[in-house]
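First the structure, in the form of C-alpha cells, and then the observations on it.
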Amino acid sequence: MVVWRRAERGRARARLPVRVLARVGAAAGLAAALAVTASTAAAGNSTTTFAVTAFVSPLCTIAATNLSFGAYDPLLANAAAALDATATVSVACTMGTAGRVILNAGDHSSDGVRAMAMGSAYLHYQIYVDPGRIEAWPPRGGTTVVGKGLTRPPQRLTLYGRIFPGQVVPAGRYSDTVRATVDF
C-alpha cells in the first residue's frame, strides 16, 4: 500500500509516496555522516620507519670420502710398483668466505711421513695435491677455496694417495685417521 502525502499550503500540489521521501532522507543522512567521517579521518596522521636487518655468518662446511687403497701386495704387484687411490674433500662456504683446507699428518706419522698402523707395524703412504703424485700435501699447508654460495655445489678437492712400493710388512688390516679441517 502506498501512502501519499500532500504538499504544504502555498506550494504546488505534487504528491510523493512516503517511501520515496524516506529513501531520499536516508541517503541524505548517509552522505552527511560520510562527509563528517572523511573530514575527521583526514584531520592528521603520523608516520614512522623501522629497520629490517639480518647478518649472514661466514661459514664453511667440510666432508671427505675415505682413502681406501684396497689390497697391498708386497710380494708381487707392489714389490716395485706403488699402489694408488683417491679420495675427495668437499667444501662449501657462504658466498665470499675464504676457507683454507688443511690435512693433519694423521695419527701414525713420523718425521713428516704418513703411515697406517697395525699394532707396531707401519705401512707408509703419502697424500698428494696432483694426479702425478709429485707435490705432497704438507701437514700444515693447505688449499684455499672461496665460497660461491649455496646455489653452487660444494667445491671438490681430489686427494691423490700412494702407498710406497717394496715395503716388507706383516699381513693384516692397516689404518690411519687423517683430520681434514677448513679454516675460515
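The values are calculated or read from the model by the stated rules, or taken from the named source; none is laboratory data. Fair warning: this is a prediction, and the values are worked out from it, not measured in the lab. Here the Cβ is made from the backbone with ideal geometry for all residues, glycine too, and neighbour counts use every protein chain on show. Side chains are part of the model used for accessible areas, which takes the heavy atoms of the whole protein and leaves out ligands, DNA and RNA. Shrake-Rupley method; radii C 1.70, N 1.55, O 1.52, S 1.80 Å.
Across the stretch 138-152, which residue is modelled with the lowest pLDDT among those that are in contact with a Ser or Thr (Cβ under 8 Å, 6 or more places away or on another chain) and assigned to a loop (DSSP other than H, G, I, E, B)? Of everything passing the filter in the stretch 138-152, 139 is modelled with the lowest pLDDT. Within the stretch 153-169, the presence of at least one residue that is loosely packed, with under 11 Cβ neighbours inside 10 Å and at pLDDT 90 or above is confirmed.
Restricting the stretch 170-184 to residues that are part of a loop (DSSP other than H, G, I, E, B) and surrounded by 14 or more Cβ atoms within 10 Å (Cβ to Cβ) leaves a set whose member that is nearest to the chain's Cα centre (by Cα) is 184.
Applying a threshold of 6 Å to beta carbon distances and a minimum spacing of six or more residues, or different chains, the list of pairs starting in the stretch 102-126 at a residue that is basic (Lys, Arg) and ending at one that is modelled with pLDDT under 95 reads 114/106.
Looking at residue 76, is it closer than 23 Å to residue 168 by Cα, modelled with pLDDT of 95 or more, in contact with a helix residue (DSSP H, G or I) (Cβ under 8 Å, 6 or more places away or on another chain) and among the hydrophobic types (A, V, I, L, M, F, W, C)?
It is false that residue 76 is closer than 23 Å to residue 168 by Cα, modelled with pLDDT of 95 or more, in contact with a helix residue (DSSP H, G or I) (Cβ under 8 Å, 6 or more places away or on another chain) and among the hydrophobic types (A, V, I, L, M, F, W, C).
Taking first residues from the stretch 52-71 that are closer than 10 Å to residue 184 by Cβ and partners that are open to solvent by 90 Å² or more (accessible area, probe 1.4 Å), the Cβ contacts under 9 Å between residues at least 6 apart in sequence or on separate chains come to 58/184; 59/184; 60/184. Please work out if residue 96 is farther than 19 Å from residue 135 by Cβ and either at pLDDT 95 or above or of a type in the set (A, V, I, L, M) (or both). Taking the combined requirement at face value, the residue does not satisfy it.
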